[in-house]
Amino acid sequence: YDVNILLDAGIDDLEKAKDIIKLGVKAVVGSETLKSLTSLREILNYSKDIVFSLDIMENSVLSKSELKGLKIKEALSILNSFEFKEIIVLYLSKVGTKEGIKIEEVREIRSLTNKKVIVGGGIKDLKEILDLKSIGINGVLIATILHEGKIRREDLPSLIP
């Protein structure tokens, strides 16, 4: 399989990022653990091949950095100037709930950045994944619906470009 492994291991500074990058996987730098935007710049000076996770809790960014408490649009306006190519928008309070994604909000997020967008948290079924694909979302994070059999091996060809 041609598989990209994304590893979110609580990176908050350059030294932790180096340890993950040396494993040969794609390091996820999450807003939740990030100490500062300066740390993000240092990580990106070492490697641009990271994925940034914009961790959302109750409509604002969860972070120890300058992003703390910002709305998604405000955070994206700052993050667009950084040189990573992929961003995860992770609705933490929805993880495991199967409540569904706010498709109009995600459509707006898609329009606000040229980065690849991956969405996670509360995805409910195959139809929703296909809807997200149709608006230009580049990937999804799923676990609960996979474990519960709402997505099966036979469904995979419709998800892969």
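The values are calculated or read from the model by the stated rules, or taken from the named source; none is laboratory data. Treat the numbers as computed from the prediction; the structure is a model and nothing was measured. Don't worry about glycine lacking a Cβ; one is built from the backbone with ideal geometry, like all the others, and counts go over all protein chains shown. The accessibility values were calculated without ligands, DNA or RNA, using every heavy atom of the protein model including side chains. Shrake-Rupley method; radii C 1.70, N 1.55, O 1.52, S 1.80 Å.
Per residue, how much accessible area does region 1-124 have with a 1.4 Å probe, in Å²?
52
Starting at the first residue of region 119-124, write each ³J(HN,Hα) from the Karplus equation 6.51 cos²θ - 1.76 cosθ + 1.60 with θ = phi - 60°, in whole Hz, x for Gly and Pro.
Along region 119-124, the couplings run 10, x, x, x, 4, 9 Hz.
Mind telling me which of Leu62, Leu90, Leu14 comes out most flexible in a GNM of the chain, alpha-carbon contacts under 10 Å?
Leu14
Where the only charges are on Cβ atoms (+1 Lys, Arg; -1 Asp, Glu), what is the dipole of region 24-88 about its Cα centre, to the nearest 20 debye? Working shown, then result.
On the way: 9 positive and 9 negative charges, 14 e Å.
Computed about the Cα centre, the dipole is about 60 debye.
Out of residues 5 or more away from Leu70 or on other chains, whose amide H comes under 5 Å of its own, with H placed 1.01 Å from N in the peptide plane?
Sorted by chain and number, the residues that satisfy this are Val61.
What's the carbon and sulfur percent of region 45-113's accessible surface, probe 1.4 angstrom, rounded to a whole number?
Working: 1760 of 3540 Å².
Carbon and sulfur: 50 percent of the exposed surface of region 45-113.
Put +1 on the Cβ of every Lys and Arg and -1 on every Asp and Glu Cβ in the chain; which of Asn45, Ser111, Ala75 then has its Cα farthest towards the positive end of the dipole?
Ser111
According to the square roots a ≥ b ≥ c of the eigenvalues of the Cα gyration tensor, what is the shape class of region 1-69, taking rounded for a/c under 1.5, prolate for a/b larger than b/c otherwise, and oblate for the remainder?
Oblate is the answer for region 1-69, as a/c is 1.5 or above yet b/c matches or exceeds a/b.
What list of ³J(HN,Hα) couplings, whole Hz, do you get for region 55-67 from phi and the Karplus terms 6.51, -1.76, 1.60, once you set θ to phi - 60° and write x for glycine and proline?
Listing the rounded values in order: 8, 10, 10, 6, 6, 9, 6, 8, 6, 9, 8, 5, 7 Hz.
Lys/Arg Cβ at +1, Asp/Glu Cβ at -1, dipole of the chain taken about the Cα centre: which of Gly10, Leu90, Asn138 is farthest positive-ward?
Toward the positive end, the furthest listed residue is Asn138.
Where nothing but the Cβ of Lys and Arg (+1) and of Asp and Glu (-1) is charged, how large is the charge dipole of region 1-151 around its Cα centre, in debye to the nearest 20?
220
Evaluated at 10 °C with a viscosity of 1.306 mPa s, what Stokes-Einstein diffusion coefficient in µm²/s does the chain have when Rh comes from the Kirkwood expression over alpha-carbon pairs?
So the translational diffusion coefficient is about 98 µm²/s.
Please enumerate, by chain and number, the aspartates and glutamates with C-alpha under 16 Å from the C-alpha of Lys35, excluding those fewer than 8 residues away in the same chain.
Qualifying aspartates and glutamates at Cα under 16 Å: Asp8, Asp12, Asp13, Glu15, Asp55, Glu66.
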